[in-house]
Amino acid sequence: MRSLTSAPRGLSCALLLAVCLATGIASADEPVGTWRHRKAYRPVKVIVLGGSIGAWPTGSFAHYVEAVCSRVELRNISKVAYGAPQLRQRFRAQVLKNPGARVRDGEEHWLLSSGGLNSIGSPSITIKETIETFLMARKAGMKVLAFTLTPWGDDKDRRWRNFDGLDYKSKTQRSADFLLGRLGRAEALESYAGSDATAPWTPAELPDVAIDLYDSPLRNPEAPLRDVEKLGKLWDRDRKLQKRLPNRDAAIGAAAELPRWFLRPELRSFDHVHPNQAGHKLMAQVVCPKLPTSWSCDCAAIDRLAWVKGALVPQ
């Protein structure tokens, strides 16, 4: 699958921790793409745009999609550590400015958006930049399919300890709810909504197809709850916390349930954010039945494939 780009081998936890809070300020020197679509017998052209999960080099969800969807030629332009603003710039340079990626008669072009975690610390910016990317894709004649963020978090990560994790749970859920059409403009964009805060979304601002990976089998809804008694003691002695979360029972209950929104341990790679090969295979199994019928996907074939020595092979 030569059309898929590979992520650098040096992925590390330290890198993730450094970029997760970033707003993802875009690089001004993003290189212009020179690649071309080459498979005329696959008339559905799909551009995958995401961060390090999208760029996963060994048996990613993108590998599975191209393998089982017979009409799809897939190009993966995902890049490690990129947030939503950087992904918008990358899409412009790699796709819109690239003559080889232009929409041609008889072809169906899709943007598959799967990023945003690296800028989720600023959800309004993430949503705003994602919308702008969608609008650029529409103007170029493309349709849009979007995955929500996948589950992430861990009790050992200070951002998720005790009540602190409620902030990142809320930010992640907000991003997902926007894509799934559950939020109004004002709630999604806050100050970035401007004078249009009460206006409904236009069809071009939302994806044609949105698939929820956050509330999916990638998480374990039966994971053990946190110690409610311990959380209660923390709340009782923290006045700032009481002011921020005045409903004691609701706050304790929500904080106790946070582990149920983490990526399943058996699906993790080197950290609690990046799915391993089994996780990517499960992602493909979750999304495949919801992909457009024009892609001609044989979802049952995913079960029979495994990543061996750089390729998906039947088992």
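The values are calculated or read from the model by the stated rules, or taken from the named source; none is laboratory data. Not measured: the values here are computed from a predicted model. Cβ coordinates were reconstructed from backbone atoms using ideal geometry, including for glycine residues, and neighbour counts include every protein chain displayed.
Scanning the stretch 80-111 for residues that are touching a Ser or Thr at 6+ places or on another chain (Cβ under 7 Å) and aromatic (Phe, Trp, Tyr) yields a single hit, Phe91. The single residue among Leu245, Leu225 that is of a type outside the set (Gly, Ala, Ser), surrounded by fewer than 16 Cβ atoms within 10 Å (Cβ to Cβ) and more than 30 Å from Val48 (Cβ to Cβ) turns out to be Leu225.
Would it be correct to say that Leu179 is in the same structural domain as Thr148 (by TED's automatic domain parsing), closer than 19 Å to Leu145 by Cβ and either free of Cβ contacts under 8 Å to residues at least 24 places away in the same chain or not β-branched (Val, Ile, Thr) (or both)? So Leu179 fits the description; yes. It is to be established whether one or more residues within the stretch 215-228 are outside the structural domain of Ile125 (by TED's automatic domain parsing), farther than 25 Å from Lys143 by Cβ, in contact (Cβ under 8 Å) with a residue 12 or more places away in the chain and in a helix (DSSP H, G or I). For the stretch 215-228, residues outside the structural domain of Ile125 (by TED's automatic domain parsing), farther than 25 Å from Lys143 by Cβ, in contact (Cβ under 8 Å) with a residue 12 or more places away in the chain and in a helix (DSSP H, G or I): present.
For first residues located in the stretch 187-207 and in the same structural domain as Ser122 (by TED's automatic domain parsing) and assigned to a helix (DSSP H, G or I), partners that are of a type in the set (S, T, N, Q) and surrounded by 15 or more Cβ atoms within 10 Å (Cβ to Cβ) and lie 6+ apart or on another chain with Cβ distances below 9 Å form the pairs Ala188/Ser124; Ala188/Ser175; Leu189/Ser124; Glu190/Ser124; Ser191/Ser124; Tyr192/Ser124; Ala193/Ser124. Restricting the stretch 298-315 to residues that are of a type in the set (D, E, K, R) and in a loop (DSSP other than H, G, I, E, B) leaves a set whose member that is surrounded by the most Cβ atoms within 10 Å (Cβ to Cβ) is Asp298. Answer yes or no as to whether Leu241 is touching a residue at least 24 places away in the same chain (Cβ under 8 Å) and either out of contact with any Lys or Arg (no Cβ under 6 Å at 6 or more places or on another chain) or of a type in the set (D, E, K, R) (or both). When the stated conditions are applied, Leu241 passes them. Among the residues of the stretch 283-297, those that are buried (at least 21 other Cβ atoms within 10 Å of the Cβ) and closer than 23 Å to Gln173 by Cα comprise Met283, Ala284, Val287, Cys288, Leu291. In this structure, Gln285 qualifies as in a helix (DSSP H, G or I), among the polar types (S, T, N, Q) and under 30 Å from Pro57 (Cβ atoms).
So that you can scan it fast, the table gives a plain yes or no per residue for (1) in the same structural domain as Leu135 (by TED's automatic domain parsing); (2) more than 20 Å from Ser60 (Cα to Cα); (3) within 20 Å of the chain's Cα centre (by Cα):
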| site | (1), (2), (3) |
| --- | --- |
| Leu87 | yes, no, yes |
| Ala93 | yes, yes, no |
| Asn98 | yes, yes, no |
| Arg104 | yes, yes, no |
| Glu108 | yes, yes, no |
| Leu111 | yes, no, yes |
| Gly116 | yes, no, yes |
| Ser119 | yes, yes, yes |
| Pro123 | yes, yes, yes |
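Taking the listed residues Tyr41, Tyr64, the one that is buried (at least 20 other Cβ atoms within 10 Å of the Cβ) and either within 16 Å of the chain's Cα centre (by Cα) or under 28 Å from Trp307 (Cα atoms) (or both) is Tyr64, with no other qualifying.
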